[in-house]
Amino acid sequence: MTATGVYTLPELSKLVGIKPDRGRRWFNGKGTKGGKRHVEPMFTPDYERRKDGATVLSFYNLIDALVASKFAQFGVPTKEIKRVYRFLSEVFNSKHAFCRKDLMTDGQSIFLRLEENSQQNLFQLPEMQGLFRVMVDCLHKVDYDENGFANRWRIAEGILIDPRYRFGQPMVENAKISADVLADAYFANGRNEELIASWYQTSPQEVLNAVKFCRQLAA
């Protein structure tokens, strides 16, 4: 496992498409308040907290949250997502179970094995077939290393997240330039993609890809 990348919780939440509160619960849990019991986090951050107390997350944390977000999108309760994650961690005998290529290639049969000793038939419900289709489509945008761990995410057309470059921030795929750098330059210079492309030695299409992605992320 070599992927790194550095993300704050707000950054991860935006990239994955979840509400910030959900991201905080998944990685920090929920503390005792008003007599309510503490809820353990779903995932463990790979990095120690910053001195200001902020949670810092890795590329593997990002992909774990991406997969969990697909379960949540189909209404799977958090406790059930945790159960799946624990089961897969045992099956794969590794951390970051949602980062494994096996999930894409053999996910449905693995989930059916999970149900064999369960009182709930969650993953045999008809709507779960839709979940599998969405998840496989999502994971086809993730690249994996020779050990079967996620190492890149093609998050949008022409936009890549590769933890080996720019601390894992989104960049245009061919030129390896941060998407926000190109988008900021585009808006600051008359929305002239050809001019910006000449400055950064990339193509006008890559500039437009960066602009489109940053607009979607800010929406």
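Assorted remarks:
- In segment 151-165, the residue that is surrounded by the most Cβ atoms within 10 Å (Cβ to Cβ) out of those that are of a type outside the set (A, V, I, L, M, F, W, C) and under 12 Å from residue 210 (Cβ atoms) is 158.
- Residue among 17, 23, 29, 53 that is buried (at least 21 other Cβ atoms within 10 Å of the Cβ) and either modelled with pLDDT of 90 or more or within 22 Å of residue 150 (Cα to Cα) (or both): 23
- In segment 184-219, the residue that is nearest to residue 155 (Cα to Cα) out of those that are small (Gly, Ala, Ser), under 22 Å from the mean Cα position of the chain (by Cα) and part of a helix (DSSP H, G or I) is 210.
- All positions within segment 74-85 that are on the phi < 0 side of the Ramachandran plot and either under 18 Å from the mean Cα position of the chain (by Cα) or not charged (D, E, K, R) (or both): 74, 76, 77, 78, 81, 82, 84, 85
- Members of segment 145-158 that are touching a residue at least 12 places away in the same chain (Cβ under 8 Å) and within 14 Å of the chain's Cα centre (by Cα): 149, 150, 151, 153, 154, 155, 156
- Here segment 96-140 is the region considered, the condition is being of a type outside the set (S, T, N, Q) and not in a helix (DSSP H, G or I), and the residue that is modelled with the lowest pLDDT is 125.
- Check on residue 180, charged (D, E, K, R), part of a helix (DSSP H, G or I) and modelled with pLDDT of 95 or more: yes
- Of the residues making up segment 174-219, those that are of a type in the set (D, E, K, R) and surrounded by fewer than 18 Cβ atoms within 10 Å (Cβ to Cβ) are 176, 180, 184, 191, 194, 212, 215.
- Within segment 56-71, the set of residues being among the hydroxyl-bearing types (Ser, Thr, Tyr) and in contact with a Ser or Thr (Cβ under 7 Å, 6 or more places away or on another chain) comprises just one member, 58.
- Scanning segment 40-95 for residues being touching a Gly at 6+ places or on another chain (Cβ under 9 Å), part of a helix (DSSP H, G or I) and within 18 Å of residue 20 (Cβ to Cβ) gives a total of 6.
The values are calculated or read from the model by the stated rules, or taken from the named source; none is laboratory data. What you see is a predicted model; the values in this text were computed from it and never measured. Positions of Cβ are backbone-derived with ideal geometry, glycine not excepted, and every protein chain shown enters the neighbour counts.
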